[in-house]
Amino acid sequence: MQKRVLILTSYVTGHGHKSITNALEEELKKVDGVLFKSVEAFEFAGKMGLRIGKMYAPIIRTSEDMWKFIYKMSATEPRLVEKVVKRLIKRKFNKLVDQFNPNIIVTVHPAFNSAVIDLLSKRKDKKKIKFATVFADLISISPLWVDPRADLMIAPTKEAWVYALKRGTAEEKIEIINLPVRKEILEAGRKIKMVDEKGIREKQETDFLIMSGGEGSGDMGNIIEKLLKVPNSRISAVAGRNTKLKEVLEKKFSDKLDRVTIYGFVKDVENLMTSHDVAIVRGSPNVLMECITCDLPVVVTGALPGQEEGNIDFILLNNLGILCAKETDLVKSVNKLLDNDKERLIKIKKSQLAFRDLDAGKKIVEKILSLA
């Protein structure tokens, strides 16, 4: 019997959900007898749903306070979110299920979990369709991720596993597997076998990579100015889809082209990750996991309220990077990595190699397919 997997994701709410979906798709392609389909779940709610999904990028770029309010509201009233989402997606979701006839539905976006489980329970055909969710957050887990009725939950950390248990999920339904990364990142990571301590110590320049997600938020200009104070520093900044930010940065640093390079949206970011020494990032879970896969030490400068705050503890506890809580302390923080013949930088790179799981996507797909 052919296994049919329907993945509910989002391509309009940032890089993370898309990255996880791509990783799962790559592994599903390798399995005989499996047909899969990935869909933009916000489209179930029509034009209004897409508009709602597309609001994510400008909100996190311009108003973290507004995002904090939205996140807190959804975490406080998850059943209200479920009720609204269920009403909005019911018709188109059921139509797709009728057409595709899946054995398994997988979500990688929390907004749809409980609504989909409810809709499946009310279908007239009463066919048992298995349901799995793959968390896209590391530590700060919204209640929207967890519905104990799910057949399987993939939690990327022990903390997420514990949270799912506390929300009433049976232990046998939860698996701890690292966040998967897309093929290009994975292939770049596989080429890195060990830490070249001698080469790292002998290199005179330090190449910094500044990233702030696909939407290019954050005060990159000030960060670049601070990093220019680090001796022998060279800086690459990725502005993402934020074309206005790219233009501003290019103009501001037009006299520093020998040390500063500004990129827009980058399709081959893995090449930048493997050719730089330190990444300056916010606490985005997928960006962090991609850096870890490419053995690139991170300096975390901030996190989205609620959603990403716990990721800082994750990085520090596992010695995968350092925190710079204040922008004014950036040079001091960077020097901690470079002092003593780059001792701490080397230790972090070793921790990253030990922590990463290059088979995470494969393991997740195997667990999902075992449901059918």
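Can you list residue pairs whose Cβ atoms sit under 8 Å apart, with the first residue in region 261-275 being assigned by TED's automatic domain parsing to the domain that holds Asp207 and without any contact (Cβ under 8 Å) to a residue 60 or more places away in the chain and the second being surrounded by fewer than 19 Cβ atoms within 10 Å (Cβ to Cβ) and among the β-branched types (Val, Ile, Thr)? Count only pairs 6 or more apart in sequence or on different chains.
Partner pairs satisfying both residue conditions: Gly264/Thr243.
Surrounded by fewer than 21 Cβ atoms within 10 Å (Cβ to Cβ) and either at pLDDT 95 or above or of a type in the set (S, T, N, Q) (or both) - does that describe any residue in region 303-319?
The answer is yes, given that some residue of region 303-319 is surrounded by fewer than 21 Cβ atoms within 10 Å (Cβ to Cβ) and either at pLDDT 95 or above or of a type in the set (S, T, N, Q) (or both).
Looking at the structure I just gave you, is Glu270 in contact with a helix residue (DSSP H, G or I) (Cβ under 6 Å, 6 or more places away or on another chain), among the acidic types (Asp, Glu) and either over 21 Å from Phe135 (Cα atoms) or at pLDDT 95 or above (or both)?
On the way: in contact with a helix residue (DSSP H, G or I) (Cβ under 6 Å, 6 or more places away or on another chain): yes; among the acidic types (Asp, Glu): yes; either over 21 Å from Phe135 (Cα atoms) or at pLDDT 95 or above (or both): yes.
Yes; evaluated as a whole, the condition is true for this residue.
Pairs please, first residue from region 338-353 and free of Cβ contacts under 8 Å to residues at least 40 places away in the same chain, second anywhere and part of a helix (DSSP H, G or I) and crowded, with 18+ Cβ neighbours inside 10 Å, Cβ atoms under 8 Å, 6+ apart in sequence or on different chains.
Listed by first residue and then by second, the contacts come to Arg344/Leu337.
Whether any residue in region 113-130 is surrounded by 15 or more Cβ atoms within 10 Å (Cβ to Cβ) and closer than 24 Å to Gly310 by Cα is what I want to check. Walk me through it before giving the result.
Pass one, region 113-130, residues surrounded by 15 or more Cβ atoms within 10 Å (Cβ to Cβ): 113-120, 129-130.
If we keep only those that are closer than 24 Å to Gly310 by Cα too, we end up with 113-114.
Yes - at least one qualifying residue is present in region 113-130.
For region 154-181, how many residues are without any contact (Cβ under 8 Å) to a residue 24 or more places away in the chain, under 21 Å from Glu77 (Cα atoms) and not in a helix (DSSP H, G or I)?
Counting residues in region 154-181 that are without any contact (Cβ under 8 Å) to a residue 24 or more places away in the chain, under 21 Å from Glu77 (Cα atoms) and not in a helix (DSSP H, G or I) gives 2.
For the subset of region 178-201 comprising residues that are among the hydrophobic types (A, V, I, L, M, F, W, C) and crowded, with 20+ Cβ neighbours inside 10 Å, which member is farthest from Ser275 (Cα to Cα)? Talk me through it step by step, then tell me what you get.
Residues of region 178-201 that are among the hydrophobic types (A, V, I, L, M, F, W, C), as a first pass: 179, 181, 185-186, 188, 192, 194-195, 200.
Now narrow it down to the ones that are crowded, with 20+ Cβ neighbours inside 10 Å: 179, 181, 185-186, 188.
On the way: Leu179: 23, Val181: 18, Ile185: 13, Leu186: 15, Ala188: 11 Å.
Among those that are among the hydrophobic types (A, V, I, L, M, F, W, C) and crowded, with 20+ Cβ neighbours inside 10 Å, it is Leu179.
Conditions first: (1) at pLDDT below 95; (2) outside any loop (DSSP other than H, G, I, E, B). Lys198 passes all but one, so which condition is the exception?
(1)
Considering only residues that are among the polar types (S, T, N, Q) and surrounded by 14 or more Cβ atoms within 10 Å (Cβ to Cβ), look in region 321-369 and name the one that is farthest from Gly33 (Cα to Cα).
As a first pass, look at region 321-369 and keep what is among the polar types (S, T, N, Q): 328, 333, 335, 340, 351-352.
This time we only want the ones that are surrounded by 14 or more Cβ atoms within 10 Å (Cβ to Cβ), so: 333, 351-352.
Details: Ser333: 51, Ser351: 38, Gln352: 35 Å.
Across region 321-369, the extreme among qualifying residues is Ser333.
Please work out if Leu288 is buried (at least 24 other Cβ atoms within 10 Å of the Cβ), modelled with pLDDT of 95 or more, hydrophobic (A, V, I, L, M, F, W, C) and outside the structural domain of Gly16 (by TED's automatic domain parsing).
Values: buried (at least 24 other Cβ atoms within 10 Å of the Cβ): yes; modelled with pLDDT of 95 or more: no; hydrophobic (A, V, I, L, M, F, W, C): yes; outside the structural domain of Gly16 (by TED's automatic domain parsing): yes.
Against the criterion (buried (at least 24 other Cβ atoms within 10 Å of the Cβ), modelled with pLDDT of 95 or more, hydrophobic (A, V, I, L, M, F, W, C) and outside the structural domain of Gly16 (by TED's automatic domain parsing)), Leu288 does not qualify.
Determine if region 339-360 includes at least one residue that is basic (Lys, Arg), at positive phi and not in a loop (DSSP other than H, G, I, E, B). Quick ask: steps written out before the conclusion?
At the first step, the residues of region 339-360 found to be basic (Lys, Arg) are 342, 344, 347, 349-350, 356.
Checking which are at positive phi leaves us with 342.
After this cut, where a residue has to be not in a loop (DSSP other than H, G, I, E, B) as well, the list is 342.
Yes - at least one qualifying residue is present in region 339-360.
For region 133-153: of the residues being assigned to a strand (DSSP E or B) and over 13 Å from the mean Cα position of the chain (by Cα), which is nearest to Thr21 (Cα to Cα)? Can you show your working first?
To start, the set of residues in region 133-153 that are assigned to a strand (DSSP E or B) comprises 133-134, 152-153.
Among the residues that remain, those that are also over 13 Å from the mean Cα position of the chain (by Cα) are: 133, 152-153.
On the way: Thr133: 12, Leu152: 17, Met153: 15 Å.
Only one residue tops the list, namely Thr133.
Which of the numbered conditions does Arg234 fail, given that it passes all the others? Conditions: (1) free of Cβ contacts under 8 Å to residues at least 12 places away in the same chain; (2) of a type in the set (D, E, K, R); (3) part of a strand (DSSP E or B).
Single failed check for Arg234: (1).
The values are calculated or read from the model by the stated rules, or taken from the named source; none is laboratory data. Model, not experiment: these values are computed from the prediction. Neighbour counts run over all protein chains shown; Cβ positions are idealised from the backbone, glycine included.
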